1. Would you pick out the residues in the stretch 63-96 that are surrounded by 14 or more Cβ atoms within 10 Å (Cβ to Cβ) and assigned to a loop (DSSP other than H, G, I, E, B)?
2. Quick test for you: out of SER154, SER94, SER100, pick the one residue that is over 19 Å from ALA83 (Cα atoms) and within 17 Å of the chain's Cα centre (by Cα).
3. Listed residues GLY59, GLY45; which is buried (at least 17 other Cβ atoms within 10 Å of the Cβ) and either free of Cβ contacts under 8 Å to residues at least 40 places away in the same chain or under 13 Å from the mean Cα position of the chain (by Cα) (or both)?
4. Regarding LEU113, is this residue assigned by TED's automatic domain parsing to the domain that holds TRP171 and either at pLDDT 95 or above or not in a loop (DSSP other than H, G, I, E, B) (or both)?
5. If we scan the stretch 75-94, do we find a residue that is farther than 22 Å from TYR172 by Cα, at pLDDT 95 or above and not hydroxyl-bearing (Ser, Thr, Tyr)?
6. Which condition number in (1) at pLDDT below 90; (2) surrounded by fewer than 17 Cβ atoms within 10 Å (Cβ to Cβ); (3) more than 15 Å from the chain's Cα centre (by Cα) is the one that SER178 fails?
7. Keeping to the stretch 85-104, report how many residues are closer than 13 Å to ILE161 by Cα and free of Cβ contacts under 8 Å to residues at least 40 places away in the same chain.
8. Is it true that SER28 is among the hydroxyl-bearing types (Ser, Thr, Tyr), at pLDDT 95 or above and either more than 23 Å from SER154 (Cα to Cα) or not in a loop (DSSP other than H, G, I, E, B) (or both)?
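The values are calculated or read from the model by the stated rules, or taken from the named source; none is laboratory data. Quantities reported herein were computed from a predicted structural model and do not represent experimental measurements. Cβ: placed from backbone, ideal geometry, glycine included. Neighbour counts: every protein chain shown.
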Amino acid sequence: MTRPNRGKTVVGVAQFLIIALALPQTCSIAIAQNEINFTPPGKFGIPEYNGTINFAFNGTYTLASLENETWNFVNLRLNYSHALENLEVSTQNSNITIISYRSTNTTSGNARLRYSVEGQGRQTFNIGLDPKGGEWSVVFDGVFMGEGDGWNASPDGTLTILGATSDVTIWYFVFPDSRRINENSNPPFYQQHSVAIVTSVALAMTVILTSAVRRKNKKHLENSG
């Protein structure tokens, strides 16, 4: 009876282990090679809408496509920003520059998207967050705008910005209780409008502090005069 060649068996096992160990690294390299680099001068145009989308910093993405006058980016990452798994963005009669994206959790956590705009047109954004899991807030040049006053949100989580002419910040806030809100529930007023309440309190405190500082400066000037 012929005995099995143990030497060949050992070699075969060793080769299998080497391939198995090298496979994850090979896959990582392949994924990295699929990333497409871009730089700030590169613009993503929307000819039918007379608009362009630019980025303030270098970055990468794995896929960018223009569909129905909307650019769809997959695995977008800007330098100094968090990764954005999916971004759908469009602009009409305006040119925008996306500055940064920050998120505490890529699927359902608080998020912030900043961009600047040239021209008074319309922009739409969908960053793939659950609209039922939190609330939106939009800031124009440091001023919080109420929904319906320059922006609105659709049920699928798409935000439409109107009338912005400079810097815009889009916030997405998640509160523990908001994750339990559904279409059939009737949450208390403070849960339905938690962001508006927090924003109003913050603005009120800012106004009070600013007025106090102005009064103090005015009194100082009067005494010194």
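1. GLU69, SER81, HIS82, SER94
2. None of the others qualify; the one that does is SER154.
3. Selected residue: GLY59, the only one of GLY59, GLY45 that is buried (at least 17 other Cβ atoms within 10 Å of the Cβ) and either free of Cβ contacts under 8 Å to residues at least 40 places away in the same chain or under 13 Å from the mean Cα position of the chain (by Cα) (or both).
4. yes
5. Yes, the conditions are met somewhere in the stretch 75-94.
6. All conditions pass for SER178, except number (2).
7. Final tally of qualifying residues: 1.
8. So SER28 fails the test.
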